[in-house]
Amino acid sequence: GIIFETLSTKFIWYLFDHISIGLARFAEVFYIFCLKVSLIFLAFLVTKKTSFKPLISNIFFVISAAIFINITDYNTASVDIITSRDFPVILLSIFFLLSQNNNNIFIIMLISLLSIFSMLWGIDRGLVSNFLIILISINFFLEKDYKKLFYLFFFIILFWIIFYSINKDEFLFFLENTFSIYREMNYIFGIIHPSPFSNDPNASRATKTLVLITLSLIIVINQILLNEKKSAISLNKFFLFLAVIGAVSYIYALGRSDGPHIKQVFGFQIIFFTLFILNIVFQKFSENYEKLFKFTIIITSLITVFIFLNNVNFNNLSSFKQRFLAYIYLPDSSFLTIEEKSFVNKINNSLELEKCIDLFTYDAAILYLLRKPSCTKYYYTYSLGSVENQKEFVEKLDKKTTYIITNGRLDHWDDPQKKYKVVSEYLSENFEIYIDNNYHLLKKIN
């Protein structure tokens, strides 16, 4: 995604008039903060859709919000069950709730804007978001709300036309790259999805998620068919919307079927079952045991707040500015390994007069460390893909490239030298090692 991967870093560097790895990483932390805020607002909107009395509604909100903000943390190196990459999907859930029984065209415009924004944010989340927008349009059609349906498609077409008008060539490159990734991504990573109920690695995690996805869809369809209360229709539609999100988001795990990616689609199951179970339990208690229920929810809320506050250090609030400035002004070398620092120092002098350099390593950040652009568009070796793309990469290397960096850190199952045979053979025949380190700097043979 051009926004999540590139433009957000450029923007925050421009905003603070400073370029550093620390500031780039702060952007990731800020996205996590935005995700947490949006999840709290989502819990608030769902609470408003319930028919509980004020006290019960307040407790419903506190418990659900406390759970939501703890399904992700600020440790960007950890693997959470939902990530900041899902921010557009959560926004779309919020706008869907706001569009119910609301004729505000601005909400429809925001839903339409997410059609293109989500694709620019990240094409995997963009695919899910646009599927959900289709689902929203079907809902408008079934409700015979043709005015909303008209404005939804009008704004979608308008925003895509604006993107096309701003830069026609970039628009066409974007489409070409997007379809290439969709077509080849499942093969690029080369990880076979574990068979459910088997002894395959991560099979239990996949089985648990698939079972809950199926269960959520069955539950919500059953609720819609059996519950005829008008007050519950809107909430049941949202539960269906959440269940569908959980189902279609599983494509992230199909694109790369390792443990972390399977885990990251589990967050929507937590959101769905938290809201659904709390809603059912609170309804039962409020109807039959109101006095006992009040006592129970007060105790439960106190325990929830205590657990939440136990993880909060209020001293961090007063020292935030000092810690923030110290972090973003750390030298880039603070984030590098000894091997990385050694290699960058070695090759900087050799490349001083070069306008660009290419990579055949997964460490795309080397371009930033050297302050050199890529000579070709294939700067992210991981997604190079098909033989066709490899041949085009080789063609560009032959015309434009004098130096190329190889080796570096690798995933234990994945070596570009073995995966991309066309490129590897070309490099072995036309380049020689110029600097030998953990990384290799290759120079074209004259």
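The values are calculated or read from the model by the stated rules, or taken from the named source; none is laboratory data. Please read these numbers as outputs of a predicted model, since none were measured by experiment. Cβ placement follows ideal geometry from the backbone for every residue including glycine, while neighbour counts extend to all protein chains displayed. Quick note on the areas: whole protein, heavy atoms, side chains included, nothing else; ligands and nucleic acids left out. Shrake-Rupley method; radii C 1.70, N 1.55, O 1.52, S 1.80 Å.
Name the residues in the range 79-98 that are touching a Lys or Arg at 6+ places or on another chain (Cβ under 7 Å) and surrounded by fewer than 21 Cβ atoms within 10 Å (Cβ to Cβ), would you? Val79, Ile81, Arg85 - these are the residues of the range 79-98 that are touching a Lys or Arg at 6+ places or on another chain (Cβ under 7 Å) and surrounded by fewer than 21 Cβ atoms within 10 Å (Cβ to Cβ).
Considered as a group, the residues in the range 338-359 that are touching a helix residue (DSSP H, G or I) at 6+ places or on another chain (Cβ under 9 Å) and in a helix (DSSP H, G or I) include one that is surrounded by the fewest Cβ atoms within 10 Å (Cβ to Cβ), and that residue is Asn348. Determine whether the range 69-76 contains at least one residue that is within 21 Å of Val265 (Cβ to Cβ), in contact with a Ser or Thr (Cβ under 8 Å, 6 or more places away or on another chain), in a loop (DSSP other than H, G, I, E, B) and touching a residue at least 40 places away in the same chain (Cβ under 8 Å). Within the range 69-76 (the criterion being within 21 Å of Val265 (Cβ to Cβ), in contact with a Ser or Thr (Cβ under 8 Å, 6 or more places away or on another chain), in a loop (DSSP other than H, G, I, E, B) and touching a residue at least 40 places away in the same chain (Cβ under 8 Å)), the answer is yes, since at least one residue qualifies.
A quick yes/no check of all residues on (1) of a type in the set (D, E, K, R); (2) surrounded by 18 or more Cβ atoms within 10 Å (Cβ to Cβ); (3) touching a Phe, Trp or Tyr at 6+ places or on another chain (Cβ under 9 Å):
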| position | (1), (2), (3) |
| --- | --- |
| Phe140 | no, yes, yes |
| Asp145 | yes, no, no |
| Lys148 | yes, yes, yes |
| Trp160 | no, no, yes |
| Phe171 | no, no, yes |
| Thr178 | no, no, no |
| Tyr182 | no, no, no |
| Asn186 | no, no, no |
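Note on the range 360-446: enclosed strands (runs of 3 or more DSSP E) holding 2 or more residues that are open to solvent by 40 Å² or more (accessible area, probe 1.4 Å) and not β-branched (Val, Ile, Thr) are 431-436, 439-444. Every residue in the range 1-45 that is surrounded by fewer than 18 Cβ atoms within 10 Å (Cβ to Cβ) and assigned to a loop (DSSP other than H, G, I, E, B), please. Hits for the range 1-45 are Asp17, His18, Ile19.
Please state which one of Ile233, Ile262 is under 19 Å from Val211 (Cβ atoms) and in a helix (DSSP H, G or I). Quick ask: steps written out before the conclusion?
Values: Ile233 fails: under 19 Å from Val211 (Cβ atoms).
On inspection, the qualifying residue turns out to be Ile262.
Against the test of being closer than 25 Å to Lys36 by Cβ, open to solvent by 100 Å² or more (accessible area, probe 1.4 Å) and either at pLDDT 70 or above or among the β-branched types (Val, Ile, Thr) (or both), the options Phe335, Phe314, Phe306, Phe324 yield a single qualifying residue, Phe314.
Please find, among Phe179, Phe141, the residue that is at pLDDT below 95 and under 22 Å from the mean Cα position of the chain (by Cα).
On the way: Phe141 fails: under 22 Å from the mean Cα position of the chain (by Cα).
Result of the check over Phe179, Phe141: Phe179.
The numbered conditions (1) open to solvent by 20 Å² or more (accessible area, probe 1.4 Å); (2) touching a residue at least 12 places away in the same chain (Cβ under 8 Å); (3) not in a loop (DSSP other than H, G, I, E, B) are all true for Lys48 except (2). Taking the numbered list (1) without any contact (Cβ under 8 Å) to a residue 12 or more places away in the chain; (2) touching a Pro at 6+ places or on another chain (Cβ under 6 Å); (3) open to solvent by less than 60 Å² (accessible area, probe 1.4 Å) in turn, Ala206 passes all entries but (1).
If I go through the range 245-273 residue by residue, how many of them are farther than 18 Å from Thr72 by Cβ, modelled with pLDDT under 90 and hydrophobic (A, V, I, L, M, F, W, C)? Outline the logic, then answer.
Here is the first cut: in the range 245-273, the residues farther than 18 Å from Thr72 by Cβ are 247-248, 250-251, 254-258.
With modelled with pLDDT under 90 added as a condition, the list becomes 251, 254-258.
This time we only want the ones that are hydrophobic (A, V, I, L, M, F, W, C), so: 251, 254.
Residues meeting the conditions: 2.
Within the range 252-283, if we keep just the residues that are closer than 18 Å to Ile181 by Cβ and of a type in the set (A, V, I, L, M, F, W, C), the residue that is surrounded by the fewest Cβ atoms within 10 Å (Cβ to Cβ) turns out to be Leu254.
From the list Thr376, Thr361, the one residue that fits, being under 21 Å from Ile433 (Cα atoms), at pLDDT 85 or above and over 25 Å from the mean Cα position of the chain (by Cα), is Thr376.
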